[in-house]
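The values are calculated or read from the model by the stated rules, or taken from the named source; none is laboratory data. All values reported here derive from a predicted model rather than from experimental measurement. Positions of Cβ are backbone-derived with ideal geometry, glycine not excepted, and every protein chain shown enters the neighbour counts. Please note that ligands, DNA and RNA were not included when accessible areas were found on the heavy atoms of the full protein model with its side chains. Shrake-Rupley method; radii C 1.70, N 1.55, O 1.52, S 1.80 Å.
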Amino acid sequence: MDAILRPGRPEDANACGVICYEAFKAIANQHNFPPDFPSREVAVDLLSMLLAHPGFYAVVAETEGRIVGSNVLDERSTIAGIGPITVDPGVQNSGIGRRLMEALLDRAAQRRFPGVRLVQAAYHNRSLSVYAKLGCTIREPLALMQGAPLRASIQGYAIRQATEQDLAACNRVCTHIHGHDRSGELLDAITQATAMVVEHDGRITGYATAVGFFAHAVGESNEELKALIGAASAYLGPGFLLPTRNTELFRWCLEQGLRVGQVMTLMSIGLYNEPAGACLPSILY
Ligand SMILES: CC(C)(COP(=O)(O)OP(=O)(O)OC[C@H]1O[C@@H](n2cnc3c(N)ncnc32)[C@H](O)[C@@H]1OP(=O)(O)O)[C@@H](O)C(=O)NCCC(=O)NCCS
């Protein structure tokens, strides 16, 4: 199908948000899963934020002057994150998704990002195939963990709200675990007062931008992540993403009564380091 691609603008938020809601709902319904977004309004709010934020670059596809899909690149940190990508269910499977992906991979290459990451729903055969064909490597199976906040503490691992003074120490932990920092996202979370740090033996050994779908966390060991998960007052969005190869932490969450909502896949192109510690990725990567 002939589609014209152009950069996304804040005024596209309504059209892109509605497609985002409908596209995720359609594929979730086919597999008997709840929709990723609880309502059109939530999807429109997310797209409004992404299209207005200077740290994100969006591309939209139009046919006959009508928006039929969009994709977003998170450019806030060293590694770029892709998503959400959505195509109007009425015109899916006609090459638009591939072009929306290629446009952002080109952009990431032009901007010299050393790597790009994304997270896909494991039940979605088409997105798995498109991403793999475009060069993405499968890195990590993830479980979306859901449930009531645990309100548990871990002895020796104190949690407090993060401040800008913690940025350098947090970036050091992230660099130790991922090989790069995620400073842009962390700074946003500190500004929004959702970020938490873990202190152990008198120093910062982990942090979370929040515990939730759009948030990431790192810790030198699983104890930091248990403390962060235990202290969170809510799991923002539909839950938080946990690498299931970290069987000890996965089992601990299950023993605490948390449940698996769905399985997802972390994929990447370019620079990717096997984590040298415990981490919870964000849906944006
Ligand atoms: C995922 C999505 C963006 C893809 O966009 P699209 O326009 O439907 O996909 P395209 O037509 O560009 O690509 C389809 C490709 O997948 C291939 N494909 C589709 N189903 C496949 C399968 N089961 N096995 C192997 N390949 C498959 C097609 O052959 C085609 O390959 P080609 O590009 O080499 O010809 C779109 O389907 C969508 O919005 N889905 C709902 C929301 C969603 O899941 N977003 C992704 C979140 S991770």
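If I ask for residues that are more than 23 Å from Val119 (Cβ to Cβ) and not small (Gly, Ala, Ser), which ones from the stretch 55-67 would you list? Residues satisfying the conditions are Glu62, Thr63, Glu64, Arg66, Ile67.
Looking at this structure, is Gly69 closer than 21 Å to Ser127 by Cα and out of contact with any Cys (no Cβ under 7 Å at 6 or more places or on another chain)?
Yes; evaluated as a whole, the condition is true for this residue.
If you take the residues of the stretch 69-87 that are polar (S, T, N, Q) and modelled with pLDDT under 95, which of them is nearest to the ligand (Cβ to nearest atom)? Going through the qualifying residues, I end up with Ser77.
Criterion first (over 20 Å from Phe240 (Cα atoms) and in contact with a Lys or Arg (Cβ under 9 Å, 6 or more places away or on another chain)) does Val116 satisfy it? So that I can check it myself, show each step before the final result.
Numbers: over 20 Å from Phe240 (Cα atoms): yes; in contact with a Lys or Arg (Cβ under 9 Å, 6 or more places away or on another chain): no.
When the stated conditions are applied, Val116 does not pass them.
Quick test for you: out of Gly65, Gly83, Gly97, pick the one residue that is under 17 Å from Phe213 (Cβ atoms) and not hydrophobic (A, V, I, L, M, F, W, C).
Matching residue, one of Gly65, Gly83, Gly97: Gly83.
Comparison of Ala103, Ala132 shows that the only residue that is touching a residue at least 60 places away in the same chain (Cβ under 8 Å), assigned to a helix (DSSP H, G or I), more than 9 Å from the ligand (Cβ to nearest atom) and of a type in the set (Gly, Ala, Ser) is Ala103.
Taking the condition of a type in the set (Gly, Ala, Ser), open to solvent by less than 10 Å² (accessible area, probe 1.4 Å) and more than 19 Å from Leu241 (Cβ to Cβ), does Ala162 pass? It is true that Ala162 is of a type in the set (Gly, Ala, Ser), open to solvent by less than 10 Å² (accessible area, probe 1.4 Å) and more than 19 Å from Leu241 (Cβ to Cβ). Tallying residues that are open to solvent by less than 20 Å² (accessible area, probe 1.4 Å), touching a Gly at 6+ places or on another chain (Cβ under 9 Å) and either over 15 Å from Ala109 (Cα atoms) or outside any loop (DSSP other than H, G, I, E, B) (or both) within the stretch 68-87 yields 10.
If you go through the stretch 184-202 and pick out every residue that is within 14 Å of Ala227 (Cβ to Cβ) and open to solvent by 20 Å² or more (accessible area, probe 1.4 Å), you end up with 4. Check the stretch 27-45 and report whether any residue there is under 26 Å from Thr78 (Cα atoms), in contact with a Leu (Cβ under 6 Å, 6 or more places away or on another chain) and not basic (Lys, Arg). There is no residue in the stretch 27-45 that is under 26 Å from Thr78 (Cα atoms), in contact with a Leu (Cβ under 6 Å, 6 or more places away or on another chain) and not basic (Lys, Arg). Tell me yes or no: at least one residue of the stretch 50-61 is buried (at least 22 other Cβ atoms within 10 Å of the Cβ) and away from the ligand (no atom under 16 Å from the Cβ). Yes, some residue in the stretch 50-61 is buried (at least 22 other Cβ atoms within 10 Å of the Cβ) and away from the ligand (no atom under 16 Å from the Cβ). Of all residues in the stretch 157-184, those that are free of Cβ contacts under 8 Å to residues at least 24 places away in the same chain have Cβ atoms under 7 Å from Cβ atoms of residues that are open to solvent by 60 Å² or more (accessible area, probe 1.4 Å) and hydrophobic (A, V, I, L, M, F, W, C), 6 or more apart or on another chain, in Leu167/Leu187.
Between Gly156, Gly90, the distinction of being within 14 Å of the ligand (Cβ to nearest atom), farther than 22 Å from Pro275 by Cα and either touching a strand residue (DSSP E or B) at 6+ places or on another chain (Cβ under 6 Å) or open to solvent by 40 Å² or more (accessible area, probe 1.4 Å) (or both) belongs to Gly90 only.
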